[in-house]
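The values are calculated or read from the model by the stated rules, or taken from the named source; none is laboratory data. None of these values were measured; they are calculated from a predicted model. FYI the Cβ positions are ideal-geometry reconstructions off the backbone, even for glycines, and counts take in every protein chain you see. SASA here: full protein model, heavy atoms, side chains in, ligands and nucleic acids out. Shrake-Rupley method; radii C 1.70, N 1.55, O 1.52, S 1.80 Å.
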Amino acid sequence: RALCRRRSPCALCRALCRHLCAGERARTGQSLSIALQFRGESGTLHVVVTTDIIVPAYNEASRISTVLDVVTRVPDARVLVVNDGSSDGTADVARRHAGVEVLSLKPNRGKGGAMRAALEATSSPIVVFVDADLLGLTPQHIQSLIAPLLARPEYGQIVGMRDWKGWV
């Protein structure tokens, strides 16, 4: 389903929607909902595909702010912190960041359990998992993970990591 600000979507909108939706159906078996917006006098097309950035966290109150300061600056992204039974105020620290949602789990389920709970709480076509204690992360790192998925809908996943040389 495409939402276009024009009363009837133009041929470009329809073609773009078919391409993106076909890739999503092939990858997941589900349809993809996207919003099409026309901006400016020239009528340039801006496709918004929502991304969920998920930060699993267990007792990360002293470290999580650094990551949340970065991921909340990524455009068109929802930030979800999964507080996995923390006892140190991690959820309170996360809630102080504008635009951050918190899913609290009791008891602690472990990182895999927290990630699974987050996936059950999202319907976004793109999900990015980010550790709560990363250092040196920038919004551009997150965008470089998302870009290939937008360009090639048939990709199932992208993995980013940091080695001794920097981000890969």
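What are the pairs with Cβ atoms under 7 angstrom where one residue, in the range 146-166, is more than 17 Å from residue 50 (Cβ to Cβ) and modelled with pLDDT under 75 and the other, located anywhere, is open to solvent by 50 Å² or more (accessible area, probe 1.4 Å) and part of a loop (DSSP other than H, G, I, E, B)? Sequence gap at least six, or different chains. Correct list of pairs: 161/168; 162/168. Here residue 92 meets each of (1) exposed (fewer than 14 other Cβ atoms within 10 Å of the Cβ); (2) part of a loop (DSSP other than H, G, I, E, B); (3) at pLDDT 95 or above with one exception, condition (2). Restricting attention to the range 95-117, the residues being open to solvent by 40 Å² or more (accessible area, probe 1.4 Å), within 18 Å of residue 67 (Cα to Cα) and part of a helix (DSSP H, G or I) number 3.
Screening the candidates 100, 93, 82 for the property of being of a type in the set (A, V, I, L, M) and under 12 Å from residue 56 (Cβ atoms) yields one hit, 82. Can you confirm whether the range 48-61 contains a residue that is part of a helix (DSSP H, G or I), out of contact with any Asp or Glu (no Cβ under 7 Å at 6 or more places or on another chain) and crowded, with 17+ Cβ neighbours inside 10 Å? Scanning the range 48-61 turns up no residue that is part of a helix (DSSP H, G or I), out of contact with any Asp or Glu (no Cβ under 7 Å at 6 or more places or on another chain) and crowded, with 17+ Cβ neighbours inside 10 Å. Taking residue 133, is it open to solvent by 70 Å² or more (accessible area, probe 1.4 Å), part of a loop (DSSP other than H, G, I, E, B) and under 21 Å from residue 161 (Cα atoms)? Taking the combined requirement at face value, the residue satisfies it.
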